[in-house]
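Note sheet for the following structure.
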Amino acid sequence: MNAFAGPLHHVYVHVPFCRAKCDYCDFASAPVGDAPDPGGLDHFVAGVAAEWERERTAHDVRRLHTLYVGGGTPSLLGPDRLERLLELFRPHLTPQAEVTVEANPEDVDVAFAAWAARGLRVSLGAQSFSPDLREALGRRAQADPTAAFGCLRDAGVANLSLDLIHGIPGQTATDLEKDIAVVVALRPDHMSWYELGVAPATPLAARLESPDRRAPLALPDNDMRADMYRRIVQALSRAGYGWYEVSNFALPGRKARHNLAYWRARPYLGLGPGAVSTVGARRWTNVADPAAWALALAAGASPPREVEDLGAATRARERLLLAARCGDPVPLSEVVAILDSDAAGQLAAAGLVSLHSGTIRVTRKGRYVAGAVCVRLFRD
């Protein structure tokens, strides 16, 4: 299947608002403080409605298999606005559609949990169960992720995912084991456990470059981060989770279907400030400024956006990169133009890729270093 071709069944809604931006974050987000302007949040929902109507018509979207509301902090909208947002898409959702809403622990209360228990999948951003490590990340809110998880479970939310980070400044092997122990005890249906990436020009990058002499901040070294990664994979695999993508783990039947659509290069629409869409050979990114985005839609126009035409070579590279994350086989016919056949043979001999029945696949061993494997596989 050609990358990003086929019918369009997947929508992502980007909610850019958050109370405060964490020090490591470089996502398109707009801090609004502890008392966000209700009118601004209502205008956002109206803007999504307008953009959805434009894009749904333009791309003849009829049936949605997945809907993902991410951010930012979608739970900041509250149950009433979130419900109005989801109502826009309900006429197009299939009976078995997966609908995911990201939430922060500080927004989870009895009312939010009761609303989410109406068939939603919730992805709870924990980062770490250690308050000290969350503080090292510059996480302003310190609500207890364990209590929030329990509130959601008690309300009847049947599909719960946790987001955690490893390789945090100051994190030790003992710290990691404590986080693993909490995860195993809570037994979420799905886990996303990412290695921290320090993006340039973020407050965290500045703190690492000029640490406080009284409390120096340092990342775990490369060997320690690699050991942490291996330990996470081993522990979650033993606990019954399938390692189905480089940073994602799921109990049987609980893989994130929306994310799998990305990794399998399916076309998708992104709505909201800063959202990305990829359909066929075109990719576009909305302006990140919520005001500019909303103003254009209120005037009946498309929001300002950057558009990229994806050439065949770019689509082939992305097809291989995405499949490598999950260990999915890719027909050699789809990537032969960008593949270094000599490198593929060497990597196969090392057990990092498999060449079989006219396909190429990154092995479980190769998935630990999937990005580096793909760099070697590319002809250029």
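The values are calculated or read from the model by the stated rules, or taken from the named source; none is laboratory data. Note that the structure is predicted; figures quoted are calculated from it, not measured. We place every Cβ from the backbone using ideal geometry, glycine too, and count neighbours over all the protein chains shown.
Here residue 103 meets each of (1) under 24 Å from residue 180 (Cα atoms); (2) exposed (fewer than 15 other Cβ atoms within 10 Å of the Cβ) with one exception, condition (2). Taking segment 84-96 as the range and being part of a helix (DSSP H, G or I) and touching a helix residue (DSSP H, G or I) at 6+ places or on another chain (Cβ under 7 Å) as the test, the residues that pass are 84, 85.
Residue 114 - would you say it is assigned to a helix (DSSP H, G or I) and either surrounded by fewer than 17 Cβ atoms within 10 Å (Cβ to Cβ) or within 22 Å of the chain's Cα centre (by Cα) (or both)? Break it down into steps so the answer makes sense when it comes.
Working: assigned to a helix (DSSP H, G or I): yes; either surrounded by fewer than 17 Cβ atoms within 10 Å (Cβ to Cβ) or within 22 Å of the chain's Cα centre (by Cα) (or both): yes.
Spelling it out, residue 114 is indeed assigned to a helix (DSSP H, G or I) and either surrounded by fewer than 17 Cβ atoms within 10 Å (Cβ to Cβ) or within 22 Å of the chain's Cα centre (by Cα) (or both).
Scanning segment 50-65 for residues being closer than 17 Å to residue 280 by Cα, assigned to a helix (DSSP H, G or I) and of a type in the set (Asp, Glu) gives a total of 1. Scanning segment 290-308 for residues that are over 14 Å from residue 50 (Cβ atoms) and either among the β-branched types (Val, Ile, Thr) or in a loop (DSSP other than H, G, I, E, B) (or both) gives 304, 307. The single condition from (1) in contact with a helix residue (DSSP H, G or I) (Cβ under 6 Å, 6 or more places away or on another chain); (2) without any contact (Cβ under 8 Å) to a residue 12 or more places away in the chain that residue 263 fails is (2).
Just one of 187, 231, 207, 257 is of a type outside the set (A, V, I, L, M), within 27 Å of residue 21 (Cβ to Cβ) and touching a residue at least 40 places away in the same chain (Cβ under 8 Å); which is it? That would be 207, the only listed residue that is of a type outside the set (A, V, I, L, M), within 27 Å of residue 21 (Cβ to Cβ) and touching a residue at least 40 places away in the same chain (Cβ under 8 Å). Would you confirm whether or not segment 109-122 contains a residue that is under 19 Å from residue 247 (Cβ atoms), assigned by TED's automatic domain parsing to the domain that holds residue 52 and out of contact with any helix residue (DSSP H, G or I) (no Cβ under 8 Å at 6 or more places or on another chain)? So far as segment 109-122 goes, yes, one or more of its residues are under 19 Å from residue 247 (Cβ atoms), assigned by TED's automatic domain parsing to the domain that holds residue 52 and out of contact with any helix residue (DSSP H, G or I) (no Cβ under 8 Å at 6 or more places or on another chain). For segment 343-353, the condition of being outside the structural domain of residue 44 (by TED's automatic domain parsing), part of a loop (DSSP other than H, G, I, E, B) and modelled with pLDDT under 95 holds for none of the residues. Screening the candidates 132, 154 for the property of being surrounded by fewer than 17 Cβ atoms within 10 Å (Cβ to Cβ) and in contact with a Gly (Cβ under 8 Å, 6 or more places away or on another chain) yields one hit, 132.
Of the residues making up segment 305-322, those that are under 24 Å from residue 72 (Cβ atoms), surrounded by fewer than 13 Cβ atoms within 10 Å (Cβ to Cβ) and of a type outside the set (Asp, Glu) number 1. Every test in (1) surrounded by fewer than 20 Cβ atoms within 10 Å (Cβ to Cβ); (2) at pLDDT 95 or above; (3) over 21 Å from residue 133 (Cα atoms) is passed by residue 281 save one, and that test is (2). When restricted to residues that are of a type in the set (S, T, N, Q) and closer than 28 Å to residue 89 by Cβ, segment 105-157 contains 1.
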